[in-house]
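Peer 1: Structure below; questions to follow.
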C-alpha cells in the first residue's frame with residue numbers, strides 16, 4: 001500500500017517517462033545479450049537439448065513431451081530477467097521452427113522445405 005501511495009504522488013508524465021526509459025533499457029540489454037551469446041550460440045545450445053531429449057524420450061509418440069522438455073530447459077538457460085519477457089509459448093514456436101529446419105536438413109542433406117515446414 002505504501003508503494004501505491006508513493007506512486008500516486010508522482011506526476012503522470014514523469015511516471016510515463018520513467019517507464020519508457022525502463023522499457024528502452026530492457027530492450028537494449030536484451031539486444032546486447034543476444035549479440036554476446038549470438039543467435040547461433042543459442043541455437044547450438046537448443047540443438048544439444050534436442051539431442052539429449054531424443055535419447056531420454058525414445059518411445060514413439062513422445063514428440064510433444066520432448067518439445068516441452070526442451071523448451072523448459074532452454075528457458076532455464078536464459079538469464080532470469082529475460083525469462084520474464086520470453087514466454088514458453090514464444091520459445092516453443094522458435095524451437096519448433098528450428099527443429100523443422102534440422103529435420104529438413106537431415107532428410108536429404110539440403111534445406112529445401114522438403115519436410116513441409118515453413
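Let's see how each residue does on (1) surrounded by fewer than 14 Cβ atoms within 10 Å (Cβ to Cβ); (2) in contact with a helix residue (DSSP H, G or I) (Cβ under 6 Å, 6 or more places away or on another chain); (3) outside any loop (DSSP other than H, G, I, E, B):
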| site | (1), (2), (3) |
| --- | --- |
| 20 | yes, no, yes |
| 23 | yes, no, yes |
| 36 | yes, no, yes |
| 46 | no, yes, yes |
| 52 | no, no, yes |
| 59 | yes, no, no |
| 91 | no, yes, yes |
| 97 | yes, no, yes |
| 103 | yes, no, yes |
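Peer 1: Here's a follow-up. Looking at the range 1-23, I want the residues that are over 27 Å from residue 82 (Cβ atoms) and have a partner that is part of a helix (DSSP H, G or I) and modelled with pLDDT of 90 or more with Cβ atoms under 9 Å, at least 6 apart or on another chain. Which pairs are those?
Peer 2: Here the result reads 10/18, each pair linking the range 1-23 to a residue that is part of a helix (DSSP H, G or I) and modelled with pLDDT of 90 or more.
Peer 1: Conditions: (1) within 13 Å of the chain's Cα centre (by Cα); (2) not in a helix (DSSP H, G or I). Residue 81 meets all but one. Number of the miss?
Peer 2: That leaves (2) as the condition not met.
Peer 1: Next up: Could you figure out which of (1) modelled with pLDDT under 85; (2) under 11 Å from the mean Cα position of the chain (by Cα); (3) surrounded by fewer than 13 Cβ atoms within 10 Å (Cβ to Cβ) isn't true of residue 86?
Peer 2: (3)
Peer 1: Given the conditions (1) more than 26 Å from residue 23 (Cβ to Cβ); (2) surrounded by 14 or more Cβ atoms within 10 Å (Cβ to Cβ), which single one is not true for residue 64?
Peer 2: Residue 64 satisfies all of (1) more than 26 Å from residue 23 (Cβ to Cβ); (2) surrounded by 14 or more Cβ atoms within 10 Å (Cβ to Cβ) except (2).
For every residue, the table says whether it meets (1) within 22 Å of residue 113 (Cβ to Cβ); (2) modelled with pLDDT under 85; (3) touching a strand residue (DSSP E or B) at 6+ places or on another chain (Cβ under 7 Å).
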{"residue": "25", "(1), (2), (3)": "no, no, no"}
{"residue": "29", "(1), (2), (3)": "no, yes, no"}
{"residue": "48", "(1), (2), (3)": "no, no, no"}
{"residue": "64", "(1), (2), (3)": "no, yes, no"}
{"residue": "69", "(1), (2), (3)": "no, no, no"}
{"residue": "75", "(1), (2), (3)": "no, no, no"}
{"residue": "94", "(1), (2), (3)": "yes, no, no"}
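Peer 1: What about residue 65, is it in a helix (DSSP H, G or I) and closer than 20 Å to residue 97 by Cβ? Quick ask: steps written out before the conclusion?
Peer 2: Working: in a helix (DSSP H, G or I): yes; closer than 20 Å to residue 97 by Cβ: yes.
Yes.
The values are calculated or read from the model by the stated rules, or taken from the named source; none is laboratory data. Because the structure is a prediction, the values reported are computed rather than measured. Using ideal geometry, Cβ is built from the backbone for each residue, glycine included, and neighbour counts are taken over all protein chains shown.
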